[in-house]
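Colleague: Dumping the structure here so I can ask a few things about it.
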Amino acid sequence: MKRLLILLVCSLLLSGCWDEKHYKDVTNVSLFGVEGQPGKIKAQFAFPIFEDGSISYTTITGSGATVLDAKNDTNTTEGLDIAELQVLLITEESAKSDLYKYIDALYRAPRNRLSAHLAIVEGELAPYFEQHENLGNDISMYYSELIDTAVRYTLVPKVDIQQVCRLLFEKDISLALPYIKIGKESGIPEIAGTALFNKREYTGENLDKEESVLFNLLRNKQGKYTRLSYMWKSGKAESPLTVEVIRINKDWEISDNKIDATYELKISVEEFPHDSLDEKKTIKEVEDFLSKELTKDFTKVIKKLQAAKSDAIGFGRPVRAFHPALWEKGDWNDTFSELPISVKVKTEILRTGILN
């Protein structure tokens, strides 16, 4: 019995990690991008190098029939390892074909980091890997923080590679991803809005940053901050108006031939030089103004999603669960694109700040 116990203890001491890799044998890629089409893919990889006690980033390119084939085509002294990936960039032209073909290798291997960001970029891939003084030393960290900040301010949906792969196989909701392009004035990558998908393919249609905020409100998926700005008018009076959305409640009434969507927004006034918010009349005017403008803008966003046949809001989920007659009319994206959807927004001011 004692011998058996000793053998069991020794076996535990001798066991190792099944997926262990030594860092001296590999180079950890924190950022990579994909362009081209399956069968003829070009990929760029960014990774840190250590020289003279300092860290800098270098970029290397590979080509191949698949993502892994392109990775193996790179000429490095150490093998590239994407297990610690932070951000994956895919060009809009590549995303117009089946997106899953580019990320299957990431999703399939159990060692890979599924919490990495995924974004669609405008134009060619090379400019997004160029070193720029405003990007800092860690280019992958720049993209990661860029997307995290956009999520915090409700500019883009919060989604990682694991969630992307799940949504690509869903029939009742469409994928939406952060959309990045090179700023005309800054010359560096900037959040430009949200890229819309139909099934596994990018539609070529995007929501701009203002529309993206409204889109996330329609989904009832707020970041830490959600700010909306308008020019308020009442008679001859005119004033900038900026509000913070404190919380939002949605109610969808679905029948076999239409959807009535009602939203209630509780808001805080952040900027209103016209003042007079101690008067009930002014408060009512501001609430009515915002309700009217948001109803109009919410409707525009839904129309844009319908035109792209992209139900990224997720109307299809309750339809599939509770309204089989509507769900079974055909492909949901087609049904959604033609379905009458009316929106009504009601706003209520809860806070006006220390000035009235």
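Colleague: So how strong a dipole does the stretch 253-356 carry about its Cα centre when Lys and Arg Cβ are +1 and Asp and Glu Cβ are -1, to the nearest 20 debye?
Modeller: 220
Colleague: Follow-up. Could you pull out the pairs from Lys233/Lys346; Lys101/Lys224; Lys199/Lys303 whose alpha carbons sit more than 22 Å apart here?
Modeller: Lys101/Lys224
Colleague: How large is log10 of I(q)/I(0) for the stretch 110-154 at q = 0.21, 0.24, 0.28 Å⁻¹ when the intensity is taken from the Debye formula with one equal scatterer per alpha-carbon?
Modeller: -0.89, -1.05, -1.15
Colleague: Suppose R0 equals 41 Å. What FRET efficiency, 1/(1 + (r/R0)^6) with r the Cβ-Cβ distance, do Asp278 and Ala126 give to the nearest 0.05?
Modeller: 0.15
Colleague: Related question: Give the dimensionless ratio obtained when the Cα radius of gyration of the stretch 21-207 is divided by 2.2 N^0.38 Å.
Modeller: 0.98
Colleague: Please list the three semi-axes, largest first and in whole Å, of the ellipsoid equivalent to the chain, using sqrt of 5 times the eigenvalues of its alpha carbon gyration tensor.
Modeller: 44, 26, 22
Colleague: Taking the DSSP beta bridges in the chain as the whole, what percent of them are antiparallel, to the nearest 5?
Modeller: In the chain, approximately 70 percent of DSSP beta bridges are antiparallel ones.
Colleague: Output the antiparallel fraction of DSSP beta bridges having both residues in the stretch 219-351, as a percent to the nearest 5.
Modeller: Bridges in the stretch 219-351 that DSSP calls antiparallel: roughly 65 percent.
Colleague: Related question: Along the positive direction of the dipole of the chain (beta-carbon charges: Lys, Arg +1; Asp, Glu -1; about the Cα centre), which of Trp332, Leu305, Ala126 reaches farthest?
Modeller: Trp332
Colleague: So how tilted is helix 139-152 from the main axis of the chain? Cα-based, degrees 0 to 90, rounded to 10.
Modeller: 30
Colleague: At what distance in nm do the modelled label points of Ala307 and Arg166 sit from each other, each positioned 7 Å from its Cα along Cα→Cβ?
Modeller: Between Ala307 and Arg166, the simple spin-label model gives 3.2 nm.
Colleague: Here's another thing I want to ask about it. Between Rg and the Kirkwood Rh of the stretch 34-137, both from Cα atoms, what is the Rg to Rh ratio?
Modeller: Rg divided by Rh gives 0.95.
Colleague: Give a quick list of trypsin sites (Lys or Arg not before Pro) in the stretch 193-260 that DSSP marks as loop, anything other than H, G, I, E or B, with at most 11 other Cβ atoms within 10 Å.
Modeller: Lys224, Lys236
Colleague: For a label point 7 angstrom out from the Cα of Ser268 toward its Cβ, which stretches of the stretch 234-250 have the backbone nitrogen within less than 19 Å?
Modeller: Under cut-off, by backbone N: 241-249.
Colleague: Of all chymotrypsin sites (Phe, Trp or Tyr not before Pro) in the stretch 123-211, which ones are in loop regions per DSSP and have a Cβ with at most 13 other Cβ atoms within 10 Å?
Modeller: Qualifying residues, ordered by number: Phe169.
Colleague: Something else about it: Across bins of 10 angstrom width beginning at 0, how are the C-alpha pair distances of the stretch 219-351 distributed, in whole percent?
Modeller: Calculated over all Cα pairs of the stretch 219-351, the distribution is 11, 38, 27, 17, 7, 1 percent.
Colleague: Taking the Cα centre as origin and putting +1 on Lys and Arg beta-carbons and -1 on Asp and Glu beta-carbons, what dipole magnitude results for the chain, to the nearest 20 debye?
Modeller: Dipole of the chain, to the nearest 20 debye: 1200 debye.
Colleague: In a solvent-free Debye calculation with one equal scatterer on each Cα, what is log10 I(q)/I(0) for the stretch 112-264 at q = 0.19, 0.21 Å⁻¹, listed in the order of the q values?
Modeller: Here log10 of I(q) over I(0) equals -1.30, -1.44.
Colleague: Please give the length that would be gained between Glu210 and Lys329 if that part of the chain were fully extended, namely 0.36 nm times their separation in residues minus their C-alpha to C-alpha distance (nm, one decimal).
Modeller: My answer for the length gained is 39.5 nm.
Colleague: Between Lys250 and Arg108, what length in nm is gained on full extension when 0.36 nm per residue of separation is reduced by their alpha carbon distance?
Modeller: Computed gain between Lys250 and Arg108 is 47.5 nm.
Colleague: Out of the chymotrypsin sites (Phe, Trp or Tyr not before Pro) in the stretch 216-260, which ones are loop residues according to DSSP with at most 15 other C-beta atoms within 10 Å?
Modeller: The qualifying sites are Tyr225.
Colleague: Right, another one. For Arg351 and Asn257, compute 0.36 nm times the residue count separating them, minus their Cα-Cα distance, and round to one decimal in nm.
Modeller: 29.9 nm
Since every read-out is calculated from the coordinates, none of them should be taken as a lab result. The structure displayed is predicted, hence computed values, not measured ones. Ideal geometry is used to build each Cβ from the backbone, glycine not excepted, and the neighbour counts take in all protein chains shown.
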